[in-house]
Amino acid sequence: MQQCPRDHLPLERIALDHVLVPHRPVWQCAGCGGAFLERLIQVELLGANFRVDSLGTTPLRCPQCGEGLLLSKRDAMHLHACQRCEGLWFDSHQLGFALAKAPQHFCCSDCGELAELASAQEGELGPLCTKCAAPHGFDKIQNELALTYRGSAVKVEHRMVGTYLGRVVATPPLPGPMEVSFFTLKWWQRLLRFGRRRYKLGKPLQRRVDVRLEERHEAQLERFMCQRGARALLSSLLSLGRFSLRLEAHSFALELRSSETTGQQRLLFEQSARRLLAVYHRFLEVDAIVRRQQVLALASAEQEQRQAS
């Protein structure tokens with residue numbers, strides 16, 4: 001677990017509300033208010049040209065790699081930089097001062113590219129660049145397409161057999177912690193299941209969508225549904241037709257059936273599928289952190305118990 005170099009308290013993963021760069025970890029100490037930024041996050045928040053001048057060694061240690069931090073200077077601020085991993089430690093209030101001087105750019109929540117802040121448009125996952133704000137799919141629309149997206153092997157299929165059938169199957173780079181199925185209910189199924197849903201999805205999904213999962217996975221499902229954009233994207237799929245989504249240990253499978261057979265329908269389906277896959281990737285990253293913290297907490301408890309005995 002990463003620790004504060006000043007008071008050695010555990011660092012907490014936070015999101016800065018006033019920063020447009022979404023889904024990037026900023027580590028902050030609840031005690032002294034200091035913050036640690038990894039190199040990639042520095043580029044996105046402060047710009048690629050944000051550099052510091054080293055002044056000498058200090059007794060502080062890098063929260064990420066344990067290397068000694070160097071006293072550094074930037075714009076009259078005395079920061080602490082790691083020479084090995086290029087991380088930066090900001091004391092209380094220093095990060096806000098640095099962000100105020102940062103270039104007016106943001107990281108697109110869809111494609112991940114940097115764009116001018118003036119062109120930002122709101123999306124389900126966060127701000128979008130001009131290119132991603134317009135409907136587009138994984139790539140050029142084809143009946144069958146295999147590609148890689150954000151580290152996942154993805155297969156996209158489009159079929160026209162009287163009605164439209166779209167299918168996206170992906171293999172995420174991280175293993176999933178749950179097996180769950182979302183599926184659209186027919187009218188007679190809604191009548192039979194009225195008031196008998198074990199898991200509440202919330203409006204507008206509650207009336208038309210149900211979930212099948214094991215009871216031991218309810219906490220993971222709740223964590224997935226709390227990810228930004230999850231409910232909005234499932235609702236957008238519902239507006240396109242009848243969909244089913246299956247999440248397993250090493251699989252993401254989304255299927256849509258609709259009477260609408262236009263090219264625009266296929267584009268909108270691919271766009272929703274791509275963004276929902278990005279939400280699932282973020283959920284897997286968060287879940288990996290949660291499980292790692294649980295293992296560390298268990299190991300710490302066992303060590304304390306052995307010392308006490």
3J(HN,Hα) from dihedral phi, the stretch 209-224, Karplus parametrisation 6.51/-1.76/1.60, rounded to Hz, x for glycine, proline: 10, 10, 10, 10, 7, 7, 4, 6, 9, 5, 5, 5, 5, 4, 5, 5
Viscosity 1.306 mPa s, 10 °C: Kirkwood-radius Stokes-Einstein D of the stretch 137-295 over Cα pairs, µm²/s: 98 µm²/s
Relative frequency of Cα-Cα separations exceeding 34 Å in the chain, percent: 36 percent
Segment residue 291-residue 260, length gained on full extension (0.36 nm per residue, minus Cα span): 6.9 nm
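Under 8 Å for C-alpha pairs, at least 6 residues apart: give me the relative contact order for the stretch 137-295, rounded to a whole percent. Each step should come with its number before you reach the end.
Working: 246 pairs, mean separation 49.3, N = 159.
That works out to 31 percent.
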FRET E, pair residue 187, residue 226, Förster distance 35 Å, beta-carbon r, rounded to 0.05: 0.75
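Between residue 214 and residue 113, what FRET efficiency follows from the Cβ-Cβ distance if R0 is 45 Å, with the result rounded to 0.05? Intermediate results must be reported in sequence, preceding the final value.
Details: r = 39 Å, r/R0 = 0.87.
Efficiency, from the Cβ-Cβ distance: 0.70.
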Residue-averaged [θ]222 nm for the chain, counting only DSSP H segments that reach four residues, each worth -39500 (n - 2.57): -9500 deg cm²/dmol
Cβ-derived FRET efficiency at R0 41 Å, residue 65 paired with residue 251, nearest 0.05: 0.75
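Values in this text are rule-based calculations from the coordinates and carry no lab data. The model shown is predicted, which means the values in this text are computed figures rather than measured ones. All Cβ positions, even for glycine, are placed from backbone atoms using ideal geometry, and neighbour counts span all protein chains on display.
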